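A.B. asks: A single structure is presented below for examination.
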Amino acid sequence: MARHSIDEALLSAGGPSADEPAALRIGVDNPYEGPKTMLLDAVAAANRCRVVWAKEFGFCTLIGFDADLDAVELLYTSLLVQATSAMQRAGSRKHKDGAARTKAFRQSFLVAYAARIRERLAEATERATEDAAAGRPAEPAGDGGPRAGRCRCRPRTAGCCRYWRPGPRRWTTRLAGCSRSSCRSGCG
């Protein structure tokens, strides 16, 4: 997402831009509105937006450019769903004496989740900014890209020809046995 924003800024740098800052309200419901707001702030900071929390009204106002606001809203919603799912999978926790500690556990879980997301997004944004400044193409998403020799087609086809390798040109076309018509996903 950071690379997309950088590319958009570079395209609009050549001339006048009609893009102005805007505001977007996002509801932040009980319970655990504090950690949810921390998560929203982490996502917003990585996408060059600011958050103003109106706790008494149950919402946050995001301030930024339209493309950044859209990215923040999408990523925040996705991460919140993932966090809630992971938190519920972890289940309720109990003290040794049998007393429930679910609320404290969930609060701590969401705070830690938001902190880790902030770290990861900051690293990804910094890496994308450095790559853009150096003129390098964007890296594939994930844990450093597909493994060497793996096809990127989905579903994999018999004539698939594109694979990942270390080096300056990461995606390489294997010419032996390759026919573009046999590769349905268009990677060949």
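The values are calculated or read from the model by the stated rules, or taken from the named source; none is laboratory data. Since we're looking at a predicted model, the values are computed, not measured. Using ideal geometry, Cβ is built from the backbone for each residue, glycine included, and neighbour counts are taken over all protein chains shown.
A.B. asks: Taking the conditions exactly as written (modelled with pLDDT under 95 and within 30 Å of ASP131 (Cβ to Cβ)), does ASP41 satisfy them or not?
C.D. replies: Judged against the criteria, ASP41 is not a match.
A.B. asks: Only one of these is among the charged types (D, E, K, R) and modelled with pLDDT under 95: ARG118, ARG48. Name it.
C.D. replies: Only one candidate passes the filter, namely ARG48.
A.B. asks: What residue, among those in the range 125-146 that are assigned to a loop (DSSP other than H, G, I, E, B) and among the aliphatic types (A, V, I, L, M), is modelled with the lowest pLDDT?
C.D. replies: Step by step, filter the range 125-146, then rank; the result is ALA141.
A.B. asks: Conditions: (1) β-branched (Val, Ile, Thr); (2) loosely packed, with under 12 Cβ neighbours inside 10 Å; (3) over 21 Å from the mean Cα position of the chain (by Cα). THR102 meets all but one. Number of the miss?
C.D. replies: Unmet condition: (2).
A.B. asks: Pull out all pairs, ordered by first then second residue, where Cβ-Cβ is under 6 Å, the residues are six or more apart or on different chains, the first lies in the range 108-137 and is closer than 20 Å to LEU80 by Cβ, and the second is modelled with pLDDT of 85 or more and among the aromatic types (Phe, Trp, Tyr).
C.D. replies: As it stands, the answer is LEU110/TYR32, since those pairs meet every condition given.
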